[in-house]
Structure formats: structure tokens, C-alpha cells
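J.: The structure that follows is given in the form of C-alpha cells.
The values are calculated or read from the model by the stated rules, or taken from the named source; none is laboratory data. It should be emphasised that the depicted structure is a prediction, and the values quoted were computed from it without experimental measurement. A quick note on method: Cβ atoms are made from the backbone with ideal geometry, for glycine too, and the neighbour counts reach across all protein chains shown. What goes into the accessible areas is simple: the full protein's heavy atoms, side chains included, and nothing from ligands, DNA or RNA. Shrake-Rupley method; radii C 1.70, N 1.55, O 1.52, S 1.80 Å.
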Amino acid sequence: MSDVQTLTGPEVEQHASRDSCWIIVHGKVYDVTDFLDEHPGGSKIILKYAGKDATEAYEPIHPPDAITTNLPTEKHLGVIDITTVAKVIKEVSEDEKRRLALMDARPPLDNIINMHDFETVARTVLPEKAWAYYSSASDDEITIRENRLAYQRVWFRPRILRDVSSVDWSSTILGQKSSLPVYISATALGKLGHPDGELCLTKAAGKHGVIQMIATLASCSFDDIIDAAAPGQTFFLQLYVNRDREITRKYVQHAEKRGVKGLFITVDAPQLGRREKDMRMKFVGDDAGAKVQEGQSDVKKDQGVARAISSFIDPSLSWKDIPWFRSITKMPIILKGIATAEDAILAYESGVQGIVLSNHGGRQLDTARSGLEVLLEVVVALRQRGYFPNPNFEIYVDGGVRRASDVLKAIALGAKAVGVGRPFLYAFCSYGQEGVEKAIQIFRDEFEMNMRLLGARTLNELEPEMVDATALTQHVVMVPQDNLYQNTYQPLTVAQFKQS
Ligand code: 173
């Protein structure tokens, strides 16, 4: 490796224009001149760092190997002598100071008693852009809210006197042991919210026997996540299918080689939804906003970070591709983002091993129904055809799950397990690995109590008769408000920040 050049800060600074643009990332120098117009996030953001160290801006948005795999090796110019790079003294804004102070005054983890608490803390302590990206959903955000409401339209029919001294909520998902009937669903760009990103999930999940689904667009690289695993830890992989199928083939086969136990192909995102909270954030503070005002046409690049980095996703993906996936991997294949009985039947008949009834956390087609509601019609339709129950075809639900009681409802109605995304994300953004461990502990406590109260000692004892889902498909239920009661009811409060 003696032929690797060492470059200095002043040398790199010479190349700070569109005609010759060098940047430093992770201690290495790259010539990105020819790549400027190909950059999915636009050239402008790169030019902002032309001749400088771009690591800090690069890190949350890209997996560490993005630049090395996308740029031909002749553009890898060498390593930087970091002592020669002028330190950029960054002014800490008043907003940032306030945010850091709030981070210090977070409620102690002991005071966090439910998933909503993590969300409240995250909303306060996350950088604005991260919160906008994570929390946003598409269009009018009807579906994201419906995801919660759907669970409230299902009521329990608990059974009593069943000797519930011991209850067991452990399960298997795709034949893999799981300490909860819950898996950590994929969420992208974890480093926007915490410097360790998705590794916080990995470490907590490994310690507590929970399965993590790794996102194609995680901030941590796939290998860094797998390398951090506990012995025997189980992972699934969420897949965005690349227009270049060779890239997808290599990625999938690499994952299989490294022991991933299930391939969850996202099928509800041929184009990314318009998440307006995220989009608006780009117009505030960025000069991009001014440009749009002037009627210039760089708008597409400014539609939020997710849209900028999602251009590789292949919108031509179709049922015809399923046999190809089957031919490249032996991992179980699951289609993530099924929203109707019709497609559940097609999925079954295509020979995949499972489906996730999901609307992508309300981030794709707005006013798509909740996964829980879709579950009802899917189970009926599959049962009619003799496709359900089938131990080799599992049904999962995600979206809006905040309580073990939600999970129990989905399982009673036929789901094998549920995916939980944002709550775990908010847990690690607010408290790192420990936050995720706490979230898992909260689920455990809730499972214990709810299973006892429901009269189910194991998950196998959950049955459709334990819930009344007759109102689930009713989207508007007119109930006159009981004002006297509403006005006297004292709302629950959230965990309190320390007084400064
Ligand atoms: O929901 C998302 O934000 C998402 O799935 C995604 C897709 C592409 C890039 C980043 C995130």
C-alpha cells in the first residue's frame, strides 16, 4: 500500500469548484468532479464542501462505503494528512444550544414508562431535520393517525379463571427464536438522530433476543451491523430493489452469506411518498428555498432527504421478478407492504414465505388502510382458499403499534408477529442502546400483564374470539361526545424534564 498518496489540506483546497471538485471523507480524498451531476442529492450540497472535509455532513445520510463503491478507483486520490486541514470552527447556534440543554435535562430513563414517552422526548431533543424526517408521513397524514386509531376500534373479550400464574410471550418468526412477538422494523438514516445510529438497535436486540430488520438505507453499513452482533443473533434484511439488478443480487447474496435469516422486499414504494413536514424543512434555512421561489428547477432535489437518496429504487418491480429473487437466494422471501386480500393471494401463490400488511408507517399512499384492518380481509380470503393457517406462510402487521395490547390484538386476528419501527428509533435517538433495552422491557411488562388479564398463557392461546373487531372496518363512527365526562377526565401526563 506504499503507493497511496498522502495529500495536504491546502492541496485539496485548490480543488473547490465545479471544474475540479475534491472532497475529504473519513480521512480520504476523492475527486468527485464527474460525479457532481450524478449525485442523487444534487450537486449543490457537494459543492458546499468542495475542497473541504465533508465527513460530518456525509455520515448520517450515507453508508460508510457509499463513496468507495460509487466512485471509480482512479478518483480515490489518497489519504489526507489531517494535521494540515484547517479546522472549521463551527458556531453553535442558539437553537442548537437550547437543544443540547434539553438533551441534558431529559427525563431519567426510569421515568419513561411507555413508548409514547420516547416519542415525546425525541420530538424535543432531536435536531429539527431529523425529527421532520422520522416523524413525517405522506400528504395529509391521515393514514399515520389511522394506524393508531385502528387499534382502538378493536376491543378485547377477555377470558377468566384460567390459572395465569405463568405466561409466556416468546415466539418464533420465520422459524427463528424471538423473545417477543415483535421485531424491530427497518427505519433509515439512524445517524441523523444518534451518532451510533442503528448499532444501538443491534446491541440491545442482541442482548434481549429480539430480531432486527436491517434497512437498505441504514446509516451504519450492513457489515458494521453484522460485525456488532452477539453470537447467534438473528437479523432480517429490508430490501429496496435497485434498477441495477446486479447490485441487488450481490447485496442479497452477501447478506445471506453473512447469516441473515429473511429477505423483506419493500413493495409499497415504487416512488417515495411526499412527506410535507420533511419537505418544508428543506425550504427553511436552505438556500434551496430561495431558488425554488425564483422558479428555477432544482425542486426535485429539495423534496426531503429520503426522496433525494431513493432514486435508485426500481419502479418497474413486478410480480414477474419474484422467480428471480427465488433463484438468487435460499432465504425466506417476504413481501413488505401488502394492502389488500387480492395481493395477499397473489403473494401466497407466488411462493413467497410471508407478507407484511403495512402502509410504510403512513409514509406512502395516504388514506391507505391500517395493516390491522387489512389483516381481517386477508385472513378470510386466504382461509377460503385453504391457504391459512399455513406454518410456511406467515403474516405480519406493522404501523402504529405502541403497546403489547396492540400486538395481542394483531396476533389474535391471525398475525404471527408485528413490526415496530419508530418507537425503537425514538428510543435510541433519545437514550441510545439503553433506551432500546428499556423499550423492550416495557413491552415485556405489558405482555405479562395483558396476557394475564386476557386469559392467554401463551401466544397460541390467542384466538379471534378474544377480540371484537366488528368496528374495525368502520372508518367513521359517530358517537355523541359525553361532555361532562370529557371535561372532568384528567389527561395522563408525559415524563417531565428536569427543572434547570
Ligand atoms: O420511509 C422512508 O423514509 C424510506 O423508506 C426511505 C426510502 C428511501 C430513502 C430513505 C428512506
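J.: Where in the chain is the longest stretch that carries no GluC sites (Glu not before Pro) classed as loop by DSSP and with at most 14 other Cβ atoms within 10 Å?
T.: With a cap of 14 other Cβ atoms within 10 Å, the longest stretch comes to 295-500.
J.: A follow-up question, please. Starting from 0.36 nm per residue, how many nanometres of slack lie between residue 69 and residue 257 once their C-alpha separation is accounted for?
T.: Using 0.36 nm per residue and subtracting the Cα-Cα distance, I get 65.7 nm.
J.: Add +1 for every Lys or Arg and -1 for every Asp or Glu among the other residues with Cβ under 12 Å from the Cβ of residue 233, and state the total.
T.: After counting each charged neighbour, the total is +4.
J.: Let me check against my output: what whole-number percent is the relative contact order of the chain, with C-alpha pairs under 8 Å and at least 6 apart?
T.: For the chain, the relative contact order is 21 percent.
J.: How much of the DSSP beta bridge set in the chain is antiparallel, as a percent to the nearest 5?
T.: Approximately 35 percent, going by the DSSP bridge assignments.
J.: Another question, then. For the pair residue 207/residue 468, report the inter-label distance in nm, with labels modelled 7 Å from Cα in the Cβ direction.
T.: 4.2
J.: Using the alpha-carbon centroid of each, what span in Å lies between segment 46-87 and segment 94-110?
T.: Cα centres, segment 46-87 to segment 94-110: 31 Å.
J.: Moving to a separate point now. Which FRET efficiency, nearest 0.05, do residue 245 and residue 34 yield, Cβ-Cβ r, R0 25 Å?
T.: With a Förster radius of 25 Å, E is 0.55.
J.: Kindly write out, for segment 46-56 in residue order, the coupling ³J(HN,Hα) from the Karplus curve 6.51 cos²θ - 1.76 cosθ + 1.60 (θ = phi - 60°), rounded to whole Hz, with x marking Gly and Pro.
T.: Coupling constants for segment 46-56: 5, 4, 4, 9, 4, x, 10, 8, 9, 3, 5 Hz.
J.: For residue 476, what charge total do you get from the other residues with a beta carbon under 14 Å from its beta carbon, if Lys and Arg give +1 and Asp and Glu give -1?
T.: +1
J.: May I pose another question? For the chain, build the charge dipole from Cβ charges (+1 Lys, Arg; -1 Asp, Glu) around the Cα centre, then report which of 185, 481, 334 sits farthest towards its positive end.
T.: The listed residue farthest towards the positive side: 481.
J.: With a Förster radius of 51 Å, plug the Cβ-Cβ distance of residue 102 and residue 384 into 1/(1 + (r/R0)^6) and report the FRET value to the nearest 0.05.
T.: For R0 = 51 Å, the calculated efficiency reads 0.45.
J.: What FRET efficiency would be calculated for the residue pair residue 44, residue 271, taking the C-beta separation as r and a Förster radius of 22 Å, to the nearest 0.05?
T.: Rounded to the nearest 0.05, the efficiency is 0.45.
J.: Given H placed on each backbone N at 1.01 Å, which residues far from residue 394 in sequence or on other chains put an amide H within less than 5 Å of it?
T.: Counting only residues 5 or more places away or on other chains, the set is 354, 355.
J.: Name the shape class, rounded, prolate or oblate, that the alpha-carbon gyration tensor gives for segment 1-122, where a ≥ b ≥ c are the square roots of its eigenvalues, rounded holds for a/c under 1.5, and otherwise prolate holds if a/b is larger than b/c and oblate otherwise.
T.: It comes out prolate by the Cα gyration axes.
J.: OK, next. Full extension from residue 20 to residue 449: what is 0.36 nm times the residue separation minus their Cα-Cα distance, to one decimal in nm?
T.: Stretched out fully, the residue 20 to residue 449 stretch lengthens by 148.1 nm.
J.: Once you list every other residue whose beta carbon is under 11 Å from the beta carbon of residue 411, what net charge do they have if Lys and Arg are +1 and Asp and Glu are -1?
T.: With Lys, Arg at +1 and Asp, Glu at -1, the neighbours total -1.
J.: For Cα pairs less than 8 Å apart in space and 6+ apart in sequence, what is the mean separation divided by the residue count of segment 167-232, i.e. the relative contact order in percent?
T.: Relative CO of segment 167-232 lands at 32 percent.
J.: Put 247, 322 in order of accessible area, largest first, 1.4 Å probe: what do you get?
T.: In descending accessible area the options line up as 247, 322.
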